[in-house]
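First comes the structure, then the notes that go with it.
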């Protein structure tokens with residue numbers, strides 16, 4: 001059956017992109033779990049941000065991005081204050097649920113539309129969503145080095161379960 | 001106009017995914033350029049691989065992945081031997097061109113089909129392609145820490161030009 005419409009071919013479907021992201025988010029959650037609590041907001045290499053600060057950025061950016069994509073309303077939570085690991089994991093799980101609930105509400109055509117995220121970043125929605133996912137992978141890669149430098153084995157990158 | 005076919009909605013189109021990847025690849029190329037040549041295959045933190053080894057993995061995996069996706073033939077180049085930066089950049093540019101030439105030959109339906117990459121990794125093609133891109137972002141994030149630890153400012157993560 002031919003396509004017969006202007007509907008673009010999918011390299012990645014909306015469901016596929018959500019599953020991809022949540023697979024990465026499971027790794028990042030395991031990173032937070034694996035990180036020594038007393039080093040989470042103190043350990044750093046080369047003057048870079050601590051993994052706790054990076055994880056708080058990742059944690060707050062995700063649901064805010066999807067909510068903005070759905071509603072056009074952008075909240076920018078800049079709270080990177082140190083907090084217990086248990087609280088971070090609780091906030092992480094809330095974010096996971098929020099993303100799962102909001103994502104199916106993204107109108108299908110929205111992915112290829114141009115929008116301005118957080119009042120600042122203008123681009124095609126799919127690029128902006130990929131940016132948030134890449135930002136997580138990028139900073140988590142940073143966290144892998146921090147963790148190894150502390151003598152702790154990071155979670156497997158290939159395990160998305 | 002309704003879709004009216006079984007064609008899945010695109011969160012990311014084939015052209016969009018290629019542009020996204022090549023944007024990341026431009027950052028990785030800048031990382032290789034920025035890296036002190038005498039540290040490329042020697043500097044390491046926490047017993048992890050050198051950035052030179054990681055960059056060679058990224059460099060060889062990309063075109064092999066796309067070629068395999070198009071042809072079903074998988075080559076696995078495991079050469080991670082130290083080499084001059086100029087040679088790496090030359091190989092990098094060859095890989096860029098190969099990816100650009102091969103990518104449009106991926107049959108559109110292939111992205112949602114299951115395949116076995118490199119004779120080992122079975123999954124949906126789009127997930128396997130995203131894996132190669134994520135692997136690059138992940139290891140490059142590692143490289144950012146190495147570079148900062150050497151006192152060198154890495155290229156901007158947000159600049160995909």
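Restricting attention to region B:115-144 and to residues that are more than 9 Å from chain A (Cβ to nearest Cβ) and without any contact (Cβ under 8 Å) to a residue 24 or more places away in the chain, the residue that is farthest from residue A:145 (Cα to Cα) turns out to be B:116. The set of residues in region B:145-160 that are facing another protein chain (nearest Cβ under 7 Å) and farther than 17 Å from residue B:45 by Cα contains only B:157. Does residue B:71 satisfy being more than 12 Å from chain A (Cβ to nearest Cβ) and touching a strand residue (DSSP E or B) at 6+ places or on another chain (Cβ under 6 Å)? So residue B:71 does not fit the description; no.
Answer yes or no as to whether residue B:156 is within 21 Å of residue B:19 (Cβ to Cβ), part of a loop (DSSP other than H, G, I, E, B) and at pLDDT 95 or above.
Yes: the conditions hold for residue B:156.
Conditions tested, residue by residue: (1) at the interface with chain B (Cβ under 7 Å from one of its Cβ atoms); (2) crowded, with 20+ Cβ neighbours inside 10 Å; (3) at positive phi.
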site: A:7; (1), (2), (3): yes, no, no
site: A:10; (1), (2), (3): yes, yes, no
site: A:13; (1), (2), (3): yes, yes, no
site: A:16; (1), (2), (3): yes, yes, no
site: A:27; (1), (2), (3): no, yes, no
site: A:32; (1), (2), (3): no, yes, no
site: A:43; (1), (2), (3): no, no, no
site: A:49; (1), (2), (3): no, no, no
site: A:56; (1), (2), (3): no, yes, no
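When region A:63-104 is filtered for residues that are under 17 Å from residue A:123 (Cα atoms) and within 15 Å of the chain's Cα centre (by Cα), the ones remaining, listed by number, are A:64, A:65, A:66, A:67, A:68, A:69. Can you confirm whether region A:92-105 contains a residue that is at pLDDT below 95 and either surrounded by fewer than 13 Cβ atoms within 10 Å (Cβ to Cβ) or on the phi < 0 side of the Ramachandran plot (or both)? Looking for residues that are at pLDDT below 95 and either surrounded by fewer than 13 Cβ atoms within 10 Å (Cβ to Cβ) or on the phi < 0 side of the Ramachandran plot (or both), one finds none in region A:92-105, hence no. Whether any residue in region B:61-81 is surrounded by 13 or more Cβ atoms within 10 Å (Cβ to Cβ) and over 27 Å from residue B:10 (Cα atoms) is what I want to check. Within region B:61-81, one or more residues are surrounded by 13 or more Cβ atoms within 10 Å (Cβ to Cβ) and over 27 Å from residue B:10 (Cα atoms).
The values are calculated or read from the model by the stated rules, or taken from the named source; none is laboratory data. Remember, it's a predicted structure, so these values are computed and weren't measured experimentally. Glycine also receives a Cβ, built like all others from the backbone with ideal geometry; neighbour counts cover every protein chain displayed.
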